[in-house]
Amino acid sequence: MAVHTRRSTTQAKPAQKEPEDFIKFADSSDEDEIPSEPATAPTHKRKADDEDNEEPQQGVYQKCYNGQPVPPWLIGLKRLGQGKTPDISEMINEEVTKFVDYISPTPEEHQMRAWVIERMQRVLDNMKMIAITPVAKCFGSFETRLYLPTSDIDMTIMLYREGTTKVAASYQTKEALRRYLFTLARELKRAGFCTKCEVIANARVPIIKTHEMVTGIAIDISINADSGVQSAGVQRSFSERVYPHSLRAIVLAIKQFLAQRSMNEVFTGGMGSYAITLLAVSMLQMHPRILSGGLDIHKNLGVLLIEFFELYGKRFNYDNVCISVLEKGQYLDKRRKGFHNLTQPYLLSIEDPCDKTNDVTKGTYGITRIRQTFSGAYDLISNSIFAYHQTRKFGEPMNEALKWLAARPSNDASSAPSKKRLKAANGKAKYKQDGAPSSAFNSDPWAPVSFLSSILSVDRKVIDSRAKLVKTFYEGTLQKILGVEYQPQLTKLLPAVVKASGVPAQASVSIDFVKKRKTGKPSEAADVVLISDDDEVIEVEDDI
């Protein structure tokens, strides 16, 4: 059974014990110890019915194998993996891919954010500053496309001398920047961009926090903060060139993990997107099996995610080591680097690749809680794997603690049994000799299985917010304000798709949204809209 996280193939090992200082999750146990597995277990296996051998159609399941609701990223799907008893590392890898596909912004969501930036630029243009050209630039997760649906837009307003790309001398002092922030806040409200602006003028980097009125998207606005633009370039380089697809998957999963625990804001001691990216890059750079070529990153995303929690939750030496991603990755001595804090030696230190004198995580003063949470996540996801393995083998988990962890109500920690009760139940456990599973566990081998739901969740508020934003897109409110239309980027069809669909070889495809063409507006029923070179609209069903 796949548990050894250094390999794609797996071996069973005892469930991990949760640390004494484990920070309780909203969907985790109140207790800090998971009793070990019984020394002996029945030797019989659950017998499958003849119909179990038949692979079911997608979309027939409402609950997972343990009786819990199917998470949003697995809705409409049967159990992941190939065959009746797939490798668990393969299942986790597929689930990470499904989660990333689900949590990633849709073209409509991304376009709405781009229009918000365009609207901000128009407000700046209307201010008509003398000899000054204000330019709205984005950095952070929007620029790198590593943002979550609820992420805000990090924006800086560069005040250039007219006709140049040099910052105007009159706006290089902190006092001048503060005055401009208040002026900009008044102009944003006057132009109808927002209804409320919060100016944080006394911060190390003064900013405006607001929400665009039509979309409700949160925006943080700073002035002349071009360092953020440079860091965004580093993130894009790693995520698009060095580790395409794989780095993005790990970073998005970690960002969602921290965001749902309110540990993702640096000003509250959390960890920002830049730091998360550098942590993930360092792990990939220093991983011995990746260095030796013995681990395929794309086939082991789930394994690498678990190893991330293990490394930074249980193994990493925070007191003495500084992380650097330069020169193909290295570990530095914090004291020699000058990042050691005598009063807070436990802080995480990451060398900024854009400025070697800058410690990216010096403001992450909540690292102790984050570290404990990473450790707890490793224990939870590992135990969810053990629970499924035992269920697949014996019909239900053989350990009472694992049984509770697998079948507890989603996001409910209040029903967690006490440590004393768990130990008593574990010592007195009597298993049915016929191997029949309890009513909480589905004997169907194709019932959906989710390991990530033990540590990740997407609440109803996020789902509704995304639906509202897409609805606003199709209503066209923001488009009317800006006087623009959505023109989707057209890409050439793959030869295999062309051959399968029978469309012209030079046709282009858009799977999102297409405005009127010569032949009129495509019907809403078409899942894929093809536009050939002569502007002919071809509607194709979703089976291509």
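Evaluate the following for SER104: is it hydroxyl-bearing (Ser, Thr, Tyr), out of contact with any His (no Cβ under 7 Å at 6 or more places or on another chain), surrounded by fewer than 19 Cβ atoms within 10 Å (Cβ to Cβ) and on the phi < 0 side of the Ramachandran plot?
yes
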**Study point:** Subset of region 346-375 [in a loop (DSSP other than H, G, I, E, B) and either within 18 Å of TYR274 (Cα to Cα) or open to solvent by less than 40 Å² (accessible area, probe 1.4 Å) (or both)]
**Key:** LEU347, LEU348, PRO353, CYS354, VAL360, THR361, LYS362, GLY363, THR364, TYR365, GLY366
Revision key, fill the gap. Filter region 335-372 for residues that are of a type in the set (Lys, Arg) and under 28 Å from SER262 (Cα atoms); the one that is modelled with the lowest pLDDT is LYS362
Exercise for review: Write out, first by first residue and then by second, each pair whose Cβ atoms fall under 8 Å of each other, whose residues are 6+ apart or on separate chains, and whose first residue, in region 462-473, is closer than 17 Å to PRO71 by Cα while the second is part of a helix (DSSP H, G or I) and open to solvent by less than 60 Å² (accessible area, probe 1.4 Å).
Suggested key: ILE463/PRO72; ARG466/GLU109
Check your understanding: Restricting attention to region 288-315, and to residues there that are free of Cβ contacts under 8 Å to residues at least 24 places away in the same chain and not in a helix (DSSP H, G or I), which single residue is least open to solvent (accessible area, probe 1.4 Å)?
Key -> GLY294
Check your understanding: Would a scan of region 310-331 turn up a residue that is among the polar types (S, T, N, Q) and within 19 Å of GLY270 (Cβ to Cβ)?
Key -> no
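Suppose the filter is farther than 24 Å from LEU247 by Cα and open to solvent by 10 Å² or more (accessible area, probe 1.4 Å); does GLN121 pass it?
Yes, satisfied.
Residues are listed down the side, and each one gets a yes or a no for (1) touching a Leu at 6+ places or on another chain (Cβ under 9 Å); (2) open to solvent by 50 Å² or more (accessible area, probe 1.4 Å); (3) within 20 Å of SER227 (Cα to Cα):
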residue: GLU109; (1), (2), (3): yes, no, no
residue: ASP125; (1), (2), (3): no, yes, no
residue: LYS137; (1), (2), (3): no, yes, yes
residue: THR144; (1), (2), (3): no, no, yes
residue: THR150; (1), (2), (3): no, yes, no
**Study point:** Criterion: more than 20 Å from VAL242 (Cβ to Cβ) and touching a His at 6+ places or on another chain (Cβ under 7 Å) - qualifying residue of LYS362, LYS334
**Key:** LYS334
Check your understanding: Which of (1) in contact with an Asp or Glu (Cβ under 9 Å, 6 or more places away or on another chain); (2) assigned to a strand (DSSP E or B); (3) of a type outside the set (Phe, Trp, Tyr) does ILE157 not meet, given it meets every other one?
Key -> (1)
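Yes or no, residue by residue, for (1) of a type in the set (S, T, N, Q); (2) touching a Cys at 6+ places or on another chain (Cβ under 7 Å); (3) within 26 Å of LEU291 (Cα to Cα):
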residue: GLN330; (1), (2), (3): yes, no, yes
residue: HIS340; (1), (2), (3): no, no, no
residue: THR343; (1), (2), (3): yes, no, no
residue: GLU351; (1), (2), (3): no, yes, yes
residue: THR373; (1), (2), (3): yes, no, no
residue: GLY376; (1), (2), (3): no, no, no
Point to revise | Enumeration of residues in region 251-282 that are surrounded by fewer than 19 Cβ atoms within 10 Å (Cβ to Cβ), under 19 Å from PHE99 (Cβ atoms) and not aliphatic (A, V, I, L, M) | key: ARG261
Review point. Out of all the residues in region 194-250, which are open to solvent by 70 Å² or more (accessible area, probe 1.4 Å), outside any strand (DSSP E or B), closer than 21 Å to VAL116 by Cβ and not aliphatic (A, V, I, L, M)?
Key: THR195, LYS196, ASP226, ARG236
Review point. Going by the structure shown, is TYR378 at pLDDT 95 or above, open to solvent by less than 50 Å² (accessible area, probe 1.4 Å) and not in a loop (DSSP other than H, G, I, E, B)?
Key: yes
Practice item. Scan region 160-184 for residues that are part of a helix (DSSP H, G or I) and surrounded by 19 or more Cβ atoms within 10 Å (Cβ to Cβ) and jot them down. Key: TYR171, LEU177, TYR180, LEU181, LEU184
Practice item. Within region 173-183, count every residue that is within 11 Å of ASN224 (Cβ to Cβ) and more than 36 Å from the chain's Cα centre (by Cα). Key: 2
**Study point:** Those helices (runs of 4 or more DSSP H) lying entirely in region 76-147 with at least 1 residues in contact with a strand residue (DSSP E or B) (Cβ under 7 Å, 6 or more places away or on another chain), at pLDDT 90 or above and over 19 Å from VAL470 (Cβ atoms)
**Key:** 107-126
Review point. For GLN285, all conditions in the list (1) open to solvent by less than 30 Å² (accessible area, probe 1.4 Å); (2) at pLDDT 95 or above; (3) in contact with a Pro (Cβ under 9 Å, 6 or more places away or on another chain) hold save one; what is the number of the exception?
Key: (3)
Exercise for review: Mind listing whichever residues of region 91-110 are farther than 22 Å from LYS461 by Cα and touching a Lys or Arg at 6+ places or on another chain (Cβ under 8 Å)?
Suggested key: MET91, ASN93
Check your understanding: Among the candidates ILE385, ILE323, which residue alone is in a helix (DSSP H, G or I) and either closer than 28 Å to SER227 by Cβ or open to solvent by less than 10 Å² (accessible area, probe 1.4 Å) (or both)?
Key -> ILE385
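The values are calculated or read from the model by the stated rules, or taken from the named source; none is laboratory data. Predicted, not measured: the structure shown is a model, and the values here were computed from it. Glycine also receives a Cβ, built like all others from the backbone with ideal geometry; neighbour counts cover every protein chain displayed. For the accessible areas, the whole protein counts, side chains as well, though only heavy atoms, and no ligand, DNA or RNA atoms are used. Shrake-Rupley method; radii C 1.70, N 1.55, O 1.52, S 1.80 Å.
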